[in-house]
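Shown next, in structure tokens, is the structure this report addresses.
The values are calculated or read from the model by the stated rules, or taken from the named source; none is laboratory data. Since we're looking at a predicted model, the values are computed, not measured. Glycine gets a Cβ as well: all are built from the backbone with ideal geometry, and neighbour counts include every protein chain shown. When the accessible area is computed, the model is the full protein with side chains, heavy atoms only, and any ligands, DNA or RNA have been set aside. Shrake-Rupley method; radii C 1.70, N 1.55, O 1.52, S 1.80 Å.
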Amino acid sequence: GENVSKKGEDIRKGDVAVESGKRLQAHHIGLLVALGISHVDVVEKPQVAILSTGNELVELGKKQQPNQIIDSNRYIISGLVTELGAHSLNLGIARDNQDEIGAKISQGLAKADIIITTGGTSVGAADLVPMVINKLGKPGVVVHGMALRPGMPTALAVLKDKPVFVLSGYPVAATIGFEVFVRPTILRLQGIEHETRPTVTAKLAKRVAGALGRRVYLRVKTFETV
């Protein structure tokens, strides 16, 4: 009886092979195949439209002027979207112009389940995105300004029953805004209720000044002391 797997050893009749809401990975697929299951019902991949805004932005590969920076936000956000099993739609760059921003967001609403914009959400004269969203429909911007750092100017909106996330133009703040607000939404659209990042408890190597009344997010490197 050595080196023999007995019937029902791995899974018994009546057991759940793969729970609903699980992200299908290689071992899940292998188990389903072993059970003779060739088709399963899955959730359609959410379509996430991503737009960068700002006169200072230039496309990767284009010649930069002295007052321009390469738009990295779309690549960062697109990568995070892909990691979650969703599909990203590139809306490009919109200049600081209400009509241009509005046209791009409308384009995204016609194709995607979620809209993400970066930039143009603070309180400057050129920060037009929340204003444009409110002109496009109701309820528009629901919340503008978060008790977190970085990413305080983040705004949450709804247009045509679709969530619109207005993230900061600062790449680190945009990433934090994505992690806190967008990531759970994308997972929820896929039927995934509880999927958290791995965590570790650690001691800071130096003092860090907090911000009163805000949750502060820091980028850190972890290492083990001997």
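Listed values, structure above:
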read-out	value
Residue ID - nearest to the chain's Cα centre (by Cα), chosen from residues in the range 116-141 that are farther than 17 Å from residue 95 by Cβ and aliphatic (A, V, I, L, M)	116
Given (1) in contact (Cβ under 8 Å) with a residue 40 or more places away in the chain; (2) surrounded by fewer than 12 Cβ atoms within 10 Å (Cβ to Cβ), index of the condition residue 113 fails	(2)
Test result for residue 86, open to solvent by less than 70 Å² (accessible area, probe 1.4 Å), closer than 27 Å to residue 23 by Cβ and out of contact with any Leu (no Cβ under 6 Å at 6 or more places or on another chain)	yes
Any hit, the range 58-75, residues being touching a residue at least 60 places away in the same chain (Cβ under 8 Å), within 20 Å of residue 87 (Cα to Cα) and surrounded by 11 or more Cβ atoms within 10 Å (Cβ to Cβ)	yes
Residue within the range 45-61 that is assigned to a helix (DSSP H, G or I) and touching a Lys or Arg at 6+ places or on another chain (Cβ under 9 Å) present	no
Answer from 5, 52 - the residue that is within 20 Å of residue 101 (Cβ to Cβ) and either of a type in the set (S, T, N, Q) or open to solvent by 60 Å² or more (accessible area, probe 1.4 Å) (or both)	52
Scope the range 183-216; condition part of a helix (DSSP H, G or I) and either β-branched (Val, Ile, Thr) or over 25 Å from the mean Cα position of the chain (by Cα) (or both); matching residues	185, 186
Sole exception among (1) surrounded by 18 or more Cβ atoms within 10 Å (Cβ to Cβ); (2) closer than 30 Å to residue 222 by Cβ for residue 199, by number	(1)
Members of the range 161-196 found to be open to solvent by 50 Å² or more (accessible area, probe 1.4 Å) and farther than 17 Å from residue 86 by Cβ, listed by number	161, 170, 194, 196
Condition met for residue 158 (touching a residue at least 24 places away in the same chain (Cβ under 8 Å), in contact with a strand residue (DSSP E or B) (Cβ under 6 Å, 6 or more places away or on another chain) and open to solvent by 20 Å² or more (accessible area, probe 1.4 Å))	no
Number of the condition not met by residue 101 [criteria: (1) part of a loop (DSSP other than H, G, I, E, B); (2) more than 22 Å from residue 184 (Cβ to Cβ); (3) among the β-branched types (Val, Ile, Thr)]	(1)
Considering residues of the range 126-153 that are open to solvent by 40 Å² or more (accessible area, probe 1.4 Å) and either in contact with an Asp or Glu (Cβ under 9 Å, 6 or more places away or on another chain) or part of a helix (DSSP H, G or I) (or both) only, the residue modelled with the lowest pLDDT	126
Residue in the range 161-173 that is under 20 Å from the mean Cα position of the chain (by Cα), assigned to a loop (DSSP other than H, G, I, E, B), at pLDDT 95 or above and closer than 23 Å to residue 43 by Cα present	yes
